[in-house]
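Take a look at the structure below.
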Amino acid sequence: MRHAVTAGAGPAADAHDEPAAGRYGRRRPRPGLTPAAIATAGRRLIEEEGLEALTMRAVAAELNTAPASLYRHVADRDALLLAILEQIAEGLPVKVPGRTPRARLRRRWLSAHAYMADHVWVLHILIRGEMVAETAFAFTDACLADFLAAGLSPARAMRAFNGCWHLTIGELLDSHPLQSPRQPTQRQQAVARIAPDRLPALARVAAAQPPGGRRRDEFPGVLDVLLSGLLAEGHDGA
């Protein structure tokens, strides 16, 4: 896989380009423009204004420089987006305390869940299946090492990792929307209309949920159940 940032790519800068106006008006270009600085500016733009706000022109404005100057360091918007993903993936937990593989797995997945809850927009990129941050491989490797240490075969270790990953991203996408929805949501209204005579089990469970649509943080408990089932496979000799 190619790295996100490349040197010497993109159109040559126009000698007459003027610095773009930043948030606080027109200022001189910042010295030492680097791929890391560009990625940081793009990340800040996304987290403050949303993924749609990420354009080369907008990032140039953040850095008080001309758009053409960015192309000396970043090939295009996709390369910039991948560089931002790589930067965020560096924050995933790798080395965690724990005396047993299960303890380390539980702590690592809980930490990853909490970390990614602050970067849910990243998941909307990953589920497209087009990009992967290579800096995330250290997290994957650490998880697989603990699944293997727990006695799982390589194939089952990979299946276990995928199961935990799917649980994590599924819960985050379902429970952490990019924007706070208007209340009451269509989902809440639909659940309120469930007829017990037609859907008795669903109506019974829905009635037992917290009032006002409040959601309990059930991820730790569900993770425990999943890990128990997955790690039990490490003792059956298969």
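Structure notes:
- Residue satisfying condition, being hydroxyl-bearing (Ser, Thr, Tyr) and modelled with pLDDT of 90 or more, within set Ser180, Ser175, Ser153: Ser153
- Listing of helices (runs of 4 or more DSSP H) fully contained in the stretch 129-238 that carry 3 or more residues being under 21 Å from Val94 (Cβ atoms): 137-149, 154-175, 219-232
- Search result, residues across the stretch 153-205 that are touching a Phe, Trp or Tyr at 6+ places or on another chain (Cβ under 7 Å), without any contact (Cβ under 8 Å) to a residue 60 or more places away in the chain and exposed (fewer than 15 other Cβ atoms within 10 Å of the Cβ): none
- Any chance Glu52 is surrounded by fewer than 20 Cβ atoms within 10 Å (Cβ to Cβ) and under 18 Å from Leu82 (Cβ atoms): yes
- Val120 being surrounded by fewer than 20 Cβ atoms within 10 Å (Cβ to Cβ), assigned to a helix (DSSP H, G or I) and touching a helix residue (DSSP H, G or I) at 6+ places or on another chain (Cβ under 7 Å): yes
The values are calculated or read from the model by the stated rules, or taken from the named source; none is laboratory data. Quantities reported herein were computed from a predicted structural model and do not represent experimental measurements. FYI the Cβ positions are ideal-geometry reconstructions off the backbone, even for glycines, and counts take in every protein chain you see.
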